[in-house]
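Working notes, structure below.
The values are calculated or read from the model by the stated rules, or taken from the named source; none is laboratory data. The model shown is predicted, which means the values in this text are computed figures rather than measured ones. When we count neighbours, we look across all protein chains shown, and the Cβ atoms used for this are built from the backbone with ideal geometry, even at glycine. Side chains included, ligands, DNA and RNA excluded: accessible areas come from the protein's heavy atoms. Shrake-Rupley method; radii C 1.70, N 1.55, O 1.52, S 1.80 Å.
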Amino acid sequence: MIEYYKKYLIECLNSSLNLSSAPQPAEDVDWKKLYRFSRQNGVETNVYLALKDTDFLPEEEREKFAQTFHDAQAKQDIENSQLEDLLSQFRENNIPYMLMKGIITRKMYPLEVLRSAADIDIYYQPGYTDRVRELFYDNGYNLTFSSINADFYKKMPYMEIEMHKELLSPLTKIGKNFKYNPFIHGITVDGLEYTMTNEDFYLFHFCHLAQHFYESGAGVKFYMDIKVLRDILDLDEEYVALKLKKFKLTKFHEESVKLTDYWFNGGPASDITKTYEEYVLGFGSYGSGVIFDYNRTEFGKRNKYISAVFPNAERLAIHYPDVKEKKYKVPYYWIKRAFDYKGTIRQRLKTVGSFHHKDFDEIKDFYSKIGL
């Protein structure tokens with residue numbers, strides 16, 4: 001059974017999108033849990049906007065929500081200013097790029113602050129990597145991590161930027177099906193700044209959701225995005241349907257839109273929709289570590305403890321791209337990973353120790369019902 005504060009969070013999100021106050025709760029709300037849950041899902045600014053003018057929000061939580069709201073505004077102001085400066089340098093250095101994900105989506109919300117993002121995502125051509133890194137270093141950024149998908153740059157206090165070499169991970173089944181090159185299929189005026197068509201942006205967002213859900217689950221913010229995108233974008237639904245069929249995501253899209261309509265448009269809820277809701281409300285912004293581990297435990301193929309400690313080359317390549325072409329380095333990277341991620345491995349061993357075939361089969365059955 002879903003706890004009421006989680007259901008009430010959805011009411012708050014609805015109100016925030018309408019720039020109105022949330023209704024009086026129908027039941028007692030655990031305000032501390034609501035605050036934590038909104039933080040976990042990255043929607044605390046929405047909840048604050050919906051509750052700030054009410055007389056039933058306790059003062060302690062009001063102060064916490066207000067602080068996170070003002071922090072989010074400050075963060076976005078800095079991001080917008082420094083990003084524009086950075087992009088002007090991209091153009092000066094003739095580096096083609098495309099903004100993606102939250103930095104674009106938030107401009108479609110009634111207020112930008114209602115769409116939080118942990119970082120800024122930019123796609124570029126890998127052939128420009130050396131020039132891009134030099135530019136970031138010159139602007140005071142540190143390269144904190146590099147993977148097969150992206151390089152991660154950070155500058156205090158707020159700037160975190162992912163420079164993507166891939167739109168979606170080519171190591172996931174969703175990423176393998178999503179074939180899109182922005183510099184071929186995208187739109188540009190000056191040959192440097194690229195954008196997607198409305199349909200391709202929507203499809204990319206949905207494939208990104210599908211990848212997250214398949215890999216580890218996805219939180220409520222993804223579905224709030226679907227609501228906003230479907231309201232704002234004038235989509236060629238026939239084109240979208242053809243692409244979804246090609247990506248083998250038609251069923252998952254149907255069930256995801258049903259959940260979105262149930263939450264934000266007062267639509268009906270089937271048994272599958274209600275089960276889907278339970279899964280999503282059990283996740284944080286980017287899913288659940290438990291689901292993440294379920295999807296990496298190979299029952300019937302390898303001992304579950306062995307798969308947690310010694311992932312195959314494909315999984316190792318996420319953190320150590322070199323192994324993709326040099327399989328003989330797998331044992332070396334197992335050892336390196338044991339030192340680099342010992343805390344994570346310890347947690348994974350603890351998690352998979354509680355796995356049972358019955359639990360695993362239930363998750364597989366649900367994923368099958370929603371088209372994954």
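Observations on the model:
- Exposure of residue 91 as accessible area (Å², to 10), given a probe of 1.4 Å and all protein chains: 70 Å²
- 24 Å Cα-Cα reach of residue 52 towards lysines, excluding residues that sit fewer than 8 places from it in its own chain: 6, 7, 32, 33, 64, 75, 107, 221, 227
- Of the Cα atoms belonging to region 1-82, the radius of gyration and Dmax stand at 12.8, 45 Å.
- Mean Cβ count within 10 Å, highest first, over the residues of peptides 264-277, 40-53: 40-53, 264-277
- Expressed to the nearest 5 percent, the antiparallel share of DSSP beta bridges inside the chain is 75 percent.
- Alpha-carbon centroids, region 132-163 and region 224-258: separation in whole Å: 32 Å
- Sparse packing (at most 16 other Cβ atoms within 10 Å of the Cβ) combined with a DSSP loop state is found for none of the chymotrypsin sites (Phe, Trp or Tyr not before Pro) in region 66-106.
- Nearest-20 debye value, the chain charge dipole, Cβ charges on Lys, Arg, Asp, Glu: 2020 debye
- Accessible carbon and sulfur surface of region 188-265 relative to its total accessible area, %, 1.4 Å: 49 percent
- In this view, the solvent-accessible surface of residue 78, computed with a 1.4 Å probe and all protein chains in place, comes to about 50 Å².
- Gyration tensor (alpha-carbon) shape descriptor, region 156-234, a/c threshold 1.5: rounded
- For Cα Rg over 2.2 N^0.38 Å, computed directly from the structure shown, the correct entry in (i) 1.59; (ii) 0.93; (iii) 1.02 is (iii).
- Heavy atoms of the protein chains alone define the surface here; on that basis the chain has 48 Å² accessible area per residue at 1.4 Å probe size.
- Straight-line reach from residue 165: taking Cα to Cα under 22 Å and skipping same-chain neighbours fewer than 8 places apart, the lysines in range are 101, 154, 155, 173, 176, 179, 324, 326, 327.
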